[in-house]
């Protein structure tokens with residue numbers, strides 16, 4: 001629980017996202033977009049425990065797939 005109210009993860013699926021600089025709203029952030037479509041997914045921050053990155057993702061872009069249904 002990141003305490004931010006947003007879904008947060010420690011790392012994306014390899015090759016699934018592209019990071020882009022985002023200077024909107026008078027601040028510098030790193031936006032993440034879908035590698036295939038370019039759709040906005042959220043932002044990544046360097047404030048996770050242990051100095052790790054926190055990927056803050058908009059819930060509307062996610063689709064839950066049970067582990068037993070994942071393609072290998």
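The values are calculated or read from the model by the stated rules, or taken from the named source; none is laboratory data. Everything numeric here is computed off the predicted structure, so don't read it as measured data. Every residue, glycine among them, receives a Cβ derived from its backbone with ideal geometry; neighbour counts consider all protein chains shown.
If a residue has to be within 12 Å of the chain's Cα centre (by Cα) and more than 13 Å from residue 62 (Cα to Cα) to count, how many in region 21-34 make the cut? The qualifying residues number 3.
Here residue 60 passes the criteria (1) surrounded by 10 or more Cβ atoms within 10 Å (Cβ to Cβ); (2) outside any loop (DSSP other than H, G, I, E, B) except the one numbered (1).
Going residue by residue through region 21-28, is there one that turns out to be exposed (fewer than 14 other Cβ atoms within 10 Å of the Cβ) and part of a strand (DSSP E or B)? Scanning region 21-28 turns up at least one residue that is exposed (fewer than 14 other Cβ atoms within 10 Å of the Cβ) and part of a strand (DSSP E or B). Looking across region 38-51, the residues that are over 10 Å from the mean Cα position of the chain (by Cα), within 19 Å of residue 7 (Cβ to Cβ) and surrounded by fewer than 15 Cβ atoms within 10 Å (Cβ to Cβ) come down to 39, 46, 47, 49.
Within region 1-30, residues that are closer than 17 Å to residue 47 by Cα sit with their Cβ atoms under 6 Å from residues that are at pLDDT below 90 and assigned to a loop (DSSP other than H, G, I, E, B), at 6+ positions apart or across chains, in these pairs: 8/2; 10/52. Just to be sure, is residue 14 exposed (fewer than 10 other Cβ atoms within 10 Å of the Cβ), out of contact with any helix residue (DSSP H, G or I) (no Cβ under 8 Å at 6 or more places or on another chain) and modelled with pLDDT under 85? In short, no. Which members of region 17-60 meet the condition of being touching a helix residue (DSSP H, G or I) at 6+ places or on another chain (Cβ under 9 Å) and within 22 Å of residue 71 (Cβ to Cβ)? If the condition is that a residue be touching a helix residue (DSSP H, G or I) at 6+ places or on another chain (Cβ under 9 Å) and within 22 Å of residue 71 (Cβ to Cβ), then 34, 39, 41 are the ones that fit.
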